[in-house]
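The values are calculated or read from the model by the stated rules, or taken from the named source; none is laboratory data. The structure displayed is predicted, hence computed values, not measured ones. Here Cβ is always computed from backbone atoms with ideal geometry, including for glycine, and neighbour counts include all displayed protein chains.
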C-alpha cells in the first residue's frame with residue numbers, strides 16, 4: 001500500500017477539497033429559491049451569482065444533484081433544430097458549451113463528433129433537407145448528405161439495415177454535434193455557484209409554495225419554511241407536482257424515456273448516429289460504452305422503471321444499423337422523465353404569479369440547453385423581464401395560440 | 001407482460017392497446033371564452049394521481065375508459081363509456 005494512502009486513511013479530515021459545501025440548515029430568507037438541483041437549476045444559480053451578483057440563493061434538491069434528467073439523458077449537444085426560435089436558442093447553448101470546460105475549470109469531456117440523422121424514406125429526406133436549409137440560413141453548420149458520404153464516415157454501418165427496415169437513403173449531417181459528460185456539467189455549475197456563495201441543499205423536498213395576492217412569499221420544505229419573493233421551478237419531470245402548488249395549469253404531460261449502455265468497446269464509432277424512423281440514437285462515450293436512447297414510452301407515466309420490451313426493441317434496432325453488435329452485452333438500462341409539450345418547445349420564463357418562474361417542458365431536449373437555460377433564466381429572475389432568447393417559450397403561448405412547432409426535437413418522427 | 005382488461009374482450013397484452021389521453025369535458029364552443037377554449041385545447045392534468053383515460057383496443061376497435069394511477073401504473077377499473085357512472 002502506498003504510504004500516502006496509508007497516511008490519508010488516518011486523517012480525520014478529507015485531504016481533497018469537496019466540490020461544494022453541505023450547509024446544515026436553511027436560512028430564514030433567500031433572495032431566490034431554486035427548486036431542483038439538476039444542470040438547469042445549478043446553472044441558473046451560477047449565472048445569478050456571476051452575471052448579476054445575486055448570491056443569497058438556495059438550490060433545493062430532494063435527492064442528490066444531477067439525479068434526475070441531468071444524469072439520465074444520452075448527453076448529446078446539437079443545434080440543428082427546425083424553427084428559428086429553437087435553432088437560435090440551441091446555437092447559443094452550443095456556443096456556451098464549447099468554452100464551458102475552461103469557464104468551470106472542470107473537464108466536461110466535451111467532444112465534437114458529427115451528428116447524423118438518418119433518413120429511411122424520401123419523406124424523411126425531405127425533412128432533413130428542410131432542416132439543413134433552415135440551419136444554413138441561420139448560420140448553423142448542417143448539410144444533407146448521401147449514402148456514400150455516410151458509409152465513408154461510418155464504415156461499420158449497414159445502410160440496408162439487413163432488409164429489416166427501409167434502407168438509409170441519406171442523412172442530415174451536423175458536424176458540431178457533440179457529447180459531454182452530463183454529471184460533470186451539474187457538478188461544475190454546482191462548484192461555481194457554491195464558490196460564489198450560493199447554497200446547495202441536497203435531501204430537501206419542497207412541500208408547498210406560499211402565494212399571497214398573486215405573489216410568491218415563501219416555500220415550505222420538509223426542513224422548515226423559508227421566506228423568498230422569487231422561486232424558480234427547474235424540476236423538469238416533476239413540474240406537474242410543483243405547478244399544482246401554485247395553482248397553474250399547463251399542457252405538460254409526463255412520459256418516461258428509456259436508454260441503455262453496452263459493455264465498453266475499443267473506440268470505433270466517432271459519429272453520433274440517429275435514426276428518426278427507428279427512434280434510435282447511438283454514440284460511443286469516452287469510456288467506450290455505446291449509449292443508446294429510444295423514443296418516449298407510449299403512455300403517460302410518472303415512473304422511472306425500465307422494461308424488457310424496451311431493451312428488446314432497442315437491441316433489434318441497434319443490430320439493424322450495426323449487425324456485428326449481436327455479441328455485445330447490455331450493461332445497464334434506465335428511464336428518465338420527460339415533461340412533454342404539444343409543440344416540442346420548452347416552457348420558460350415569467351408566469352401569471354409574480355415571482356414564480358418556470359424552466360420546464362424539457363421533454364427530450366433538456367441537457368443540450370443546460371448552459372443557455374441557466375443563463376437566460378438568471379437574466380429573467382434578476383431583471384423580472386424575459387430574456388430575448390426565451391420570449392417565444394413563455395407559458396402564455398398556450399392561451400394566445402402562439403406555439404413554436406419544433407419538429408427538430410428528438411422524439412418527433414419524420 | 002403488462003395486461004390491460006378490455007371491457008369487451010377481457011384481459012389482453014398492453015401492446016394491443018393505444019393510449020388516447022385523459023377524459024375531458026368539452027366546453028360549449030359557442031358560449032365559451034377564448035381563455036376557456038384555449039384551456040380545453042392545450043392544458044392537461046399532468047399531475048400524479050388517479051385519472052380517467054381513453055384507451056383503444058386495436059384488433060377490435062373498442063374505445064373504453066380506464067381509471068389509472070399514473071405514478072404506480074395500476075389500472076383500478078375499465079368500462080365502456082356507456083357504462084360510466086353519471087353524477
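Just to check your reading of the model, which residue among A:283, A:277, A:233 is farther than 27 Å from residue A:395 by Cα and touching a helix residue (DSSP H, G or I) at 6+ places or on another chain (Cβ under 7 Å)?
From the options A:283, A:277, A:233, the qualifying one is A:277.
Among the residues of segment A:281-299, are any outside any strand (DSSP E or B), surrounded by fewer than 17 Cβ atoms within 10 Å (Cβ to Cβ) and at positive phi?
Yes, some residue in segment A:281-299 is outside any strand (DSSP E or B), surrounded by fewer than 17 Cβ atoms within 10 Å (Cβ to Cβ) and at positive phi.
Which residue is nearest to the other protein chains (Cβ to nearest Cβ), if the candidates are limited to segment B:58-72 and must be in a loop (DSSP other than H, G, I, E, B) and in contact with a helix residue (DSSP H, G or I) (Cβ under 8 Å, 6 or more places away or on another chain)?
B:58
Among the strands (runs of 3 or more DSSP E) confined wholly to segment A:136-207, which include 1 or more residues that are under 22 Å from the mean Cα position of the chain (by Cα) and within 20 Å of residue A:93 (Cα to Cα)?
Where strands (runs of 3 or more DSSP E) fall fully within segment A:136-207 and carry at least 1 residues being under 22 Å from the mean Cα position of the chain (by Cα) and within 20 Å of residue A:93 (Cα to Cα), they are A:170-174.
Of the residues A:31, A:13, only one is over 30 Å from residue A:391 (Cβ atoms) and either at pLDDT 95 or above or not assigned by TED's automatic domain parsing to the domain that holds residue A:131 (or both); which?
The conditions single out A:13.
Looking at A:54, A:65, which is the one that is at pLDDT 95 or above, surrounded by fewer than 24 Cβ atoms within 10 Å (Cβ to Cβ) and part of a loop (DSSP other than H, G, I, E, B)?
After applying the criteria, what remains is A:54.
Residue A:378 fails exactly one of the following numbered conditions: (1) within 14 Å of chain B (Cβ to nearest Cβ); (2) closer than 29 Å to residue A:74 by Cα. What is the number of that condition?
(1)
State all residues of segment B:28-57 that are part of a loop (DSSP other than H, G, I, E, B), surrounded by 14 or more Cβ atoms within 10 Å (Cβ to Cβ) and either more than 13 Å from chain A (Cβ to nearest Cβ) or more than 16 Å from the chain's Cα centre (by Cα) (or both); if no residue qualifies, say none.
Listed by number, the list holds a single entry, B:32.
For segment A:326-348, how many residues meet the condition of being more than 13 Å from residue A:292 (Cβ to Cβ), out of contact with any helix residue (DSSP H, G or I) (no Cβ under 9 Å at 6 or more places or on another chain) and part of a strand (DSSP E or B)?
The number of residues fulfilling the criteria is 1.
If residue A:302 passes every condition in (1) within 14 Å of chain B (Cβ to nearest Cβ); (2) not in a loop (DSSP other than H, G, I, E, B) but one, which one does it miss?
All conditions pass for residue A:302, except number (2).
Only one of A:132, A:123 is in a helix (DSSP H, G or I), surrounded by fewer than 17 Cβ atoms within 10 Å (Cβ to Cβ), in the same structural domain as residue A:168 (by TED's automatic domain parsing) and more than 19 Å from the chain's Cα centre (by Cα). Can you tell me which?
Selected residue: A:123, the only one of A:132, A:123 that is in a helix (DSSP H, G or I), surrounded by fewer than 17 Cβ atoms within 10 Å (Cβ to Cβ), in the same structural domain as residue A:168 (by TED's automatic domain parsing) and more than 19 Å from the chain's Cα centre (by Cα).
Evaluate segment A:120-138: report whether one residue or more is modelled with pLDDT of 95 or more and closer than 16 Å to residue A:281 by Cα.
yes
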